[in-house]
Amino acid sequence: MTMSKALAWIRKSRGSDDDIGLEEQREVVTRLAHELADEVEMFDLGVHTGFSSLTRDDDSDVIDQNEDVLDVVEQLRSGEYDYLVAFDDRRICRDGYLTIITYACKQGDVEISYVADVAEDELTHDMHRLFERVTKQEEIRKAKSALQRRRENGYDEGRPKWGTTYDADGKYLVPDPETFPDALTAIEMAESDEPEYSYRDIVERTSIESVGTLKNILDRRDWYRELAIEHGKL
């Protein structure tokens with residue numbers, strides 16, 4: 001049986017009167033972490049700024065320049081933990097870098113839990129919007145990378161052309177046994193002089209859904225013939 005694992009994140013800002021004390025954090029955060037997971041590791045930053053280089057020009061002491069923080073964020077991203085536990089979101093970070101940590105947790109399927117109630121204030125909503133934007137940008141980046149790899153390997157890409165499907169490895173287009181014969185039939189009918197067939201006749205006598213789809217097939221007739229020859233259909 002796999003043991004669940006939680007990371008208890010402890011931090012207090014320097015000279016901030018509204019911060020909960022470190023000892024109290026260590027007690028209540030660790031208690032919640034033990035309630036959630038079988039194994040608990042403490043990540044104790046002690047007194048440390050909660051701001052990052054996103055909002056501070058002097059980056060000598062900011063949280064995202066701390067090597068231990070960067071290592072932990074990578075561990076969260078890689079799924080090393082099942083839970084990230086803190087007293088509240090401000091104990092983790094006090095600016096937009098929290099979004100990066102949150103996204104790392106999403107990538108690693110890590111659940112974030114707080115001891116205190118975290119209000120859905122304006123900053124939180126702004127961070128949610130930033131998180132959504134970062135997530136979308138990451139999805140776009142991955143899609144572009146995958147497309148580039150397909151092109152470099154000479155694989156087909158995009159939505160399958162009518163009458164075709166991708167092979168078992170998802171690399172190349174191959175004839176769809178159910179619909180590809182109708183593509184060849186449509187080409188043959190369109191080129192017939194006797195009898196002559198209109199586009200509407202061809203659509204009605206095949207499984208091709210529309211005249212627009214038929215035109216696309218006819219525009220690519222040489223490609224369809226080459227595919228048919230390659231797979232022994234002609």
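Quick check on the chain: helices-only [θ] at 222 nm, where DSSP H runs of length 4 and up contribute -39,500 (n - 2.57) each and the sum goes over total residues. Nearest 500, please.
Per the formula, -14500 deg cm²/dmol.
Compute the long axis of helix 180-190 from its Cα atoms, compare it with the longest principal axis of the Cα atoms of the chain, and write down the angle in degrees, 0 to 90, nearest 10.
On a 0 to 90 degree scale, this one is about 40.
Using DSSP, restrict attention to beta bridges with both residues in the chain and report what percent are antiparallel, rounded to the nearest 5.
Roughly 20 percent of the beta bridges in the chain run antiparallel, per DSSP.
What fraction of the Cα pairs in segment 5-118, stated in percent, has a spacing above 23 angstrom?
Summing the P(r) of segment 5-118 above 23 Å gives 21 percent of all pairs.
I need the peptides 78-85, 89-96, 216-223 ranked by packing, meaning the mean over residues of other C-beta atoms within 10 angstrom, with the highest value on top.
Packing proxy ranking, top to bottom: 89-96, 78-85, 216-223.
Quick one, which of (1) 7, 22, 20, 11, 11, 13, 11, 5, 1, 0; (2) 8, 31, 34, 16, 6, 3, 1, 0; (3) 6, 24, 34, 24, 9, 2, 0 is the actual P(r) over Cα pairs in 10 Å bins from 0, in percent calculated for this model?
Recomputing P(r) over Cα pairs in 10 Å bins from 0, in percent here picks out (1).
Using alpha carbons only, how many degrees (0 to 90, rounded to 10) separate the axis of helix 67-77 from the longest principal axis of the chain?
Between the helix axis and the principal axis of the chain, the angle is about 40 degrees.
List the pairs from Lys12/Lys106; Lys106/Lys171; Lys171/Lys215; Lys5/Lys106 whose alpha-carbon separation is above 21 Å, in the order I gave them.
In this structure, Lys12/Lys106; Lys106/Lys171; Lys171/Lys215 exceed 21 Å between Cα atoms.
Computed from the coordinates by the stated procedures, all read-outs in this text should not be read as laboratory data. In this text the structure is predicted, and so the values were computed from the model without any measurement. Positions of Cβ are generated from backbone atoms using ideal geometry, with glycine treated the same way; all protein chains shown enter the neighbour counts.
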